[in-house]
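This report concerns only the one structure given below.
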């Protein structure tokens, strides 16, 4: 739970095929720890760590723009940006966010981004930049002491949502129609009641995700069951479905979601405590989240982030503190391909995949 815790079109289908083949091949061969600059057998690449220069920061917020550009958001109100594949990271932190916990960032390109700070009361804030982080505007500051915002997401460059843990028994949703410059609390009438103890996890920026112009999903934990809530009208009305990922404890539930279209999605999670097992840490859906099937061969431990490989109907990555797992059958089975610690992962349509996490870690698939 929070309290405890863009894209470019490919020029040809041939290029898309080559990119996907390279990505799947790279992680199929990559079996060593991500602390290496990483090449697998026969020169196949894996995660390659980049030097952010910030080992004091944990980057749970990540927005990949393309193979060369990405944004990171983390502890201490830190935001970094690269436009050269991670060779150099520029500190573009919002001055007004100093000391805040930035847990999510969404980027439209290398100049425009929206970052979310989490926390109780007015610690939950949203910042926007239009000039690559040279300047930022605080576009939202929470004034309700009962609200705690966990994640932010966008349907396009104008329409987006942010979600808070339940307020008065229901998850609270913020909406923007101007790219995050202003925000409005949506009516709660279309939101089903929350379970006792239910909330979101601000662990990877993936507790609220979209696919297409109107569909959005919200991941929960801490209640009797770990649920995924779905809206097909940009957050006005929601339906809730139980997943097979264990819950029943404040440390358990669904931590990350990824949908490759409005029907097919993957949920990952488990128990974030290092000394606790996380069986059934992944599940999949083919009906927009109405029903969920447990992965037959789930990741071996808690996973907080997940991303589909671009232009691939069956391949995805899941990441967590103990490693990276790859599926090539739509989430039915997974195998560990890297043992480095990452909190979140993001892939772009041009074949770029990035991951980030503790101790300033940021890596690119090469």
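Of the numbered conditions (1) surrounded by fewer than 18 Cβ atoms within 10 Å (Cβ to Cβ); (2) closer than 23 Å to residue 218 by Cα, residue 354 fails exactly one; give the number of that condition.
(1)
Could you grab me the full set of residues in the range 261-275 that are farther than 19 Å from residue 327 by Cα and not in a loop (DSSP other than H, G, I, E, B)?
Selection gives 271 alone.
Would you check which residues across the range 72-98 are crowded, with 21+ Cβ neighbours inside 10 Å and under 20 Å from residue 321 (Cα atoms) and list them?
Passing the criteria: 72, 73, 74.
May I ask you to verify whether residue 185 is closer than 21 Å to residue 331 by Cα and either surrounded by 21 or more Cβ atoms within 10 Å (Cβ to Cβ) or at pLDDT 95 or above (or both)?
Taking the combined requirement at face value, the residue does not satisfy it.
Scanning the range 281-319 for residues that are surrounded by fewer than 24 Cβ atoms within 10 Å (Cβ to Cβ) and at positive phi, which turns out modelled with the lowest pLDDT?
311
Restricting attention to the range 141-162, which residues are part of a strand (DSSP E or B) and within 21 Å of the chain's Cα centre (by Cα)? Walk me through it before giving the result.
Going through the range 141-162, the residues part of a strand (DSSP E or B) turn out to be 141, 148-154, 160-162.
The answer is 148, 149, 150, 151, 152, 153, 154, 160, 161, 162.
Condition check: crowded, with 19+ Cβ neighbours inside 10 Å, assigned to a loop (DSSP other than H, G, I, E, B) and within 17 Å of the chain's Cα centre (by Cα). Does residue 278 satisfy that?
In short, no.
Collect the residues in the range 333-351 that are part of a loop (DSSP other than H, G, I, E, B), surrounded by 24 or more Cβ atoms within 10 Å (Cβ to Cβ) and under 17 Å from the mean Cα position of the chain (by Cα), keeping them in residue-number order.
As a first pass, look at the range 333-351 and keep what is part of a loop (DSSP other than H, G, I, E, B): 334, 339-343, 348-351.
If we keep only those that are surrounded by 24 or more Cβ atoms within 10 Å (Cβ to Cβ) too, we end up with 334, 342-343.
342, 343, listed by residue number.
Of the residues 171, 127, 140, 154, only one is out of contact with any helix residue (DSSP H, G or I) (no Cβ under 9 Å at 6 or more places or on another chain), farther than 22 Å from residue 257 by Cα and surrounded by 19 or more Cβ atoms within 10 Å (Cβ to Cβ); which?
Going through 171, 127, 140, 154 in turn, the sole match is 140.
Please determine, by comparing only the residues of the range 308-332 that are in a strand (DSSP E or B) and out of contact with any helix residue (DSSP H, G or I) (no Cβ under 8 Å at 6 or more places or on another chain), which one is farthest from residue 273 (Cα to Cα).
308
Among the listed residues 104, 165, identify the single one that is over 23 Å from residue 360 (Cα atoms), assigned to a strand (DSSP E or B) and under 21 Å from the mean Cα position of the chain (by Cα).
165 is the lone residue from the list that is over 23 Å from residue 360 (Cα atoms), assigned to a strand (DSSP E or B) and under 21 Å from the mean Cα position of the chain (by Cα).
Picking from 273, 252, which residue would you name as being surrounded by fewer than 20 Cβ atoms within 10 Å (Cβ to Cβ) and at pLDDT 95 or above?
On the way: 252 fails: surrounded by fewer than 20 Cβ atoms within 10 Å (Cβ to Cβ).
None of the others qualify; the one that does is 273.
The values are calculated or read from the model by the stated rules, or taken from the named source; none is laboratory data. Owing to the predicted nature of the structure, the values given are computational and were not obtained by experimental measurement. When we count neighbours, we look across all protein chains shown, and the Cβ atoms used for this are built from the backbone with ideal geometry, even at glycine.
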